[in-house]
Every structure is written in structure tokens, then in C-alpha cells.
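Here's the structure, in C-alpha cells; my notes come after.
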Amino acid sequence: MRHGKRFNHLGRTAPHRKAMLSNMASSLILNKRISTTVAKAKALRKYVEPLITKSKTDSTHSRRVVFSYLQDKESVKILFDEISEKVNDRPGGYTRIIKTGNRLGDNADMCIMELVDYNELLLSETEPKKAKTRRSRRGKKSTEVKAAPEAAVEETTVEETVVDAEVVEESAEEKVEEVKAEEVDTTGAESTEEESGESQDQKTDDEDDSKKE
């Protein structure tokens with residue numbers, strides 16, 4: 001019976017159990033993945049996850065508290081420098097237990113325990129995929145049909161602009177011809193006036209000569 005048994009003693013004394021969990025936690029932090037039994041993995045999860053949460057506040061006090069559990073300077077440094085940055089946005093649940101079957105010999109349940117943020121395969125699968133856009137031929141036909149009247153409208157507008165340009169050119173040519181005709185008329189009138197003035201002068205000269213004689 002398990003009266004008053006609040007946690008799994010793992011068949012070990014308290015100091016042996018603490019030393020084992022400390023070594024397993026250091027191995028998990030250094031290697032990011034370990035292979036062990038399911039019972040030990042569940043006990044380790046309760047042991048190591050509070051330490052990872054403690055590493056989010058990088059202070060001397062936090063480092064000393066974590067070192068008192070791990071008793072390994074290298075694992076403490078990696079935990080505070082690398083792992084804490086990766087799990088900063090994750091509110092708990094830093095580890096994952098993957099069962100791998102039974103062990104030969106004693107038939108114990110075996111598993112792989114790993115840090116969630118260091119499994120790149122599962123992280124890539126959970127990334128949101130881009131929504132596929134389906135393109136059908138009907139859409140292309142409709143776009144072509146829509147494009148056809150637009151092209152016809154553009155052609156008609158181009159033709160209208162060409163006709164307007166021709167009309168403007170014709171009106172400009174007519175105005176030029178009218179101006180030329182007016183200039184010719186004015187020059188002809190001036191020449192006739194000059195000729196008439198010369199003929200009158202000649203007549204007056206002839207009359208004066210006849211009077212003198």
C-alpha cells in the first residue's frame with residue numbers, strides 16, 4: 001500500500017535519489033535529450049522544470065540557488081546563457097517525454113526525455129503553413145472575357161482621339177489658308193492703290209508739260 005507516499009522514491013534513499021536527479025538534470029541541460037525509464041523521467045520533470053523557470057531571472061541569487069541543486073558550473077552556465085533565452089516566452093512545460101517501448105531484461109517502460117525548444121523537427125511541423133490558393137480555368141476565362149470588352153473600349157477611345165486630332169488638324173489648315181488669302185487680298189489692294197497713284201502723278205506731269213508748251 002502507498003499510504004502517505006506523496007512521490008515516487010524510485011527504490012532509493014533520499015541522498016541517493018537527490019544525487020541521481022541532480023546528475024540527470026545536468027545531463028539533460030548539457031545534451032538536451034536523455035534516454036531513461038518513464039518513472040525516472042516523471043520524477044526528473046518535477047525536479048528540473050522549476051530550475052528552468054528560475055533561470056529566467058538572471059541574478060546572482062538565482063544562479064546560486066540553481067547551483068545548489070545541480071552542483072555543476074558548466075550546466076548552470078548553459079542553463080542561464082542559452083536555454084533561458086530559448087524558453088523565455090514559454091510559460092512552463094519545457095520538457096517532453098516520448099515513450100520508446102519496454103527494456104529487454106526487466107521489461108521496464110523506456111522513454112526519451114528532451115527539451116521542447118530544441119526539437120527542430122517538431123517545431124517545423126507546428127509552424128503555420130501558407131494557405132494554398134486554388135486557381136481554376138474558369139477564373140482565367142472570366143478574366144479573359146472581362147479583359148476583351150476593356151480592350152474594345154480602349155480601341156474605341158483611341159479611334160476617337162485619332163478622329164479628333166484629324167479634325168483639329170483640318171481646322172488648323174483651313175485657318176492658315178484663310179490667313180494666307182487675307183494677306184494676298186491686302187497686298188493686291190495695296191499694289192492697285194500704288195499703281196493708281198503713279199498713273200495720277202504721270203497725268204499731272206503730262207498736263208504741266210502741255211501747259212508750259
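Read-outs throughout are calculated quantities, based only on the coordinates presented, and are distinct from any laboratory measurement. Quick caveat: nothing in here was measured; it's all calculated off a predicted structure. Here the Cβ is made from the backbone with ideal geometry for all residues, glycine too, and neighbour counts use every protein chain on show.
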Original post:
Among residues other than Gly93 whose Cβ falls under 10 Å from its Cβ, what is the net charge (Lys/Arg +1, Asp/Glu -1)?
Top reply: +2
Original post:
How high is the relative contact order of the range 51-112, in percent, with contacts defined as C-alpha pairs under 8 Å that are six or more residues apart?
Top reply: 25
Subject >> When the range 1-123 is reduced to its Cα atoms, the Kirkwood hydrodynamic radius in Å >> reply: 15.3
Subject >> Neighbourhood charge, 12 Å Cβ-Cβ cut-off, centred on Leu28 and excluding it, Lys, Arg +1 and Asp, Glu -1 >> reply: +2
**OP:** Anything over 19 Å Cα to Cα? Flag those among Lys46/Lys77; Lys5/Lys54; Lys18/Lys42; Lys18/Lys77; Lys40/Lys86, in the order listed.
**Re:** Lys46/Lys77; Lys5/Lys54; Lys18/Lys77; Lys40/Lys86
